[in-house]
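Some notes on the structure that comes next.
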Amino acid sequence: MFEAGWGIGGEAWKWRQRLFAWEEELVLGCVGKLANIFLQVDEVDRWVWKLHSSQSYFVKSAYSYLSASETRISDSFDRFLWLKSVPLKVNIFVWSLFLNRLPTKDNLQKRGSIDDHQLLCSALCGFSEDLNHLFFQCPVYGQLWLVISKWLGISTVLHGVVEAHSIQFCGLGGASKGSTKVFTIIWISVLYVIWRDRNIRIFKSVHESIDKLAERVKLQTFWWLKSSYILFDFDYLGWQQNPWNCFQAVV
Ligand SMILES: [Zn+2]
C-alpha cells in the first residue's frame, strides 16, 4: 500500500466499486492517520500497543482506558458489559450501544456523513433511524422481540428505550442468577442480530425474514452458552424447544 501511494488520490485507494459517503469518510480518516507514517525497507513490522509502557497488549490496560473514558456508563449497566460468554466484538458493540456511538443514521447525519433524506430506517418501516427506534421501537424489528418473547413463554409490552428495555427484559427471567444471565445473553444476541441485519440490508440489499432472524438468535445464544458453560450439554433441539430447561446449567 505504501509503495502504491496512500496519500490523497493515491493508487492504494482505488476501489472496484463506488464507495458510500460514510465509507469515503472512513477512507479520509485513514489517509489522515497514515499521512505522517513512512515505512522503512529494513525495519521488521511489529504490533505496538501504545496504552502500556511495555508497548505490549494487556487486557487490563484496555479495560482501564475504556472505563476511564469521558462518558461513563451507569454502574447499573455493568452486567451487560464485557461478558465472558459473548465474543469480544459483540461486547464492543454493546459498549458502543450504551454510549450511543454506533453509526446509526442519526449519528451519521450529526457527523455530516449523510443528508436528511437518507435518515429512513433500513427496515423500510417509514420512520427515521436512531438507536431507540432501530432496536426497540421499529415495527419491523419489534416483531423479532415478539417471536423471541413467545419462544421464552413471555407475553408483555416491552419498553421503547435502551435503559428501560434492558432492565425490563433481563428481569423477565425471574430471580435466579442463571436465568438472569441467560436473558441478558439473549437480549444482547437480539440486538446484535438486528444490527447485522440492518447492515446487510444497507450494504447487500438482502432482506431476511423475522423467523430467520429469530432462528439466528437461538443458534447464536446456543453456541455462546455451550462454549462457556461446561454443564450446558444440551443439544440444539433441546434448547430450541425448551430453553428454560437449560437455564440451570448456567451459574
Ligand atoms: Zn424501523
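The values are calculated or read from the model by the stated rules, or taken from the named source; none is laboratory data. No experiment lies behind these values; they were computed from the predicted model shown. Heads up, the Cβs are rebuilt from the backbone with ideal geometry, glycines too, and the neighbour counts pull from every protein chain shown.
Some points to look at:
- Yes/no for Gly160 being in contact (Cβ under 8 Å) with a residue 24 or more places away in the chain, at positive phi and part of a loop (DSSP other than H, G, I, E, B): no
- Which numbered condition Trp187 fails, given (1) at pLDDT 95 or above; (2) within 16 Å of the ligand (Cβ to nearest atom); (3) within 18 Å of Val94 (Cα to Cα): (2)
- Considering residues of segment 137-166 that are β-branched (Val, Ile, Thr) and out of contact with any helix residue (DSSP H, G or I) (no Cβ under 8 Å at 6 or more places or on another chain) only, the residue farthest from the ligand (Cβ to nearest atom): Ile154
- Qualifying residue in segment 160-177 (condition: in contact with a Lys or Arg (Cβ under 9 Å, 6 or more places away or on another chain) and surrounded by fewer than 20 Cβ atoms within 10 Å (Cβ to Cβ)): no
- Filtered residues of segment 112-122 (kept if near the ligand (Cβ under 10 Å from one of its atoms) and either modelled with pLDDT under 95 or more than 17 Å from Ile210 (Cβ to Cβ) (or both)): Leu120, Ser122
- Filtered by the rule that a residue be touching a Cys at 6+ places or on another chain (Cβ under 8 Å) and of a type outside the set (A, V, I, L, M, F, W, C), segment 215-238 gives a lone residue, Gly238.
- Failed criterion for His133 (all others in (1) buried (at least 18 other Cβ atoms within 10 Å of the Cβ); (2) modelled with pLDDT under 95; (3) not in a loop (DSSP other than H, G, I, E, B) hold): (2)
- Subset tally (residues that are more than 16 Å from Cys138 (Cβ to Cβ) and crowded, with 19+ Cβ neighbours inside 10 Å) for segment 188-206: 2
- Any chance Phe93 is over 14 Å from Ile202 (Cβ atoms), within 16 Å of the ligand (Cβ to nearest atom), part of a helix (DSSP H, G or I) and not aliphatic (A, V, I, L, M): no
- Residue tally, condition of a type in the set (Ser, Thr, Tyr), under 12 Å from Leu152 (Cβ atoms) and in a loop (DSSP other than H, G, I, E, B), over segment 170-188: 0
- With respect to being modelled with pLDDT of 80 or more, away from the ligand (no atom under 16 Å from the Cβ) and either closer than 19 Å to Glu163 by Cβ or among the hydrophobic types (A, V, I, L, M, F, W, C) (or both), Trp47 fits the description.
- Flag if Ile167 is in a helix (DSSP H, G or I), within 15 Å of Ser122 (Cβ to Cβ), at pLDDT below 95 and among the β-branched types (Val, Ile, Thr): no
- The residue of segment 241-251 that is modelled with the highest pLDDT, among those that are surrounded by 15 or more Cβ atoms within 10 Å (Cβ to Cβ) and either part of a helix (DSSP H, G or I) or under 22 Å from the mean Cα position of the chain (by Cα) (or both), is Pro243.
- Among the numbered conditions (1) part of a loop (DSSP other than H, G, I, E, B); (2) under 15 Å from Ile186 (Cβ atoms); (3) of a type outside the set (A, V, I, L, M, F, W, C), the only one that Asn100 does not meet is (2).
- The condition of being away from the ligand (no atom under 16 Å from the Cβ) and under 20 Å from the mean Cα position of the chain (by Cα) does not hold for Trp195.
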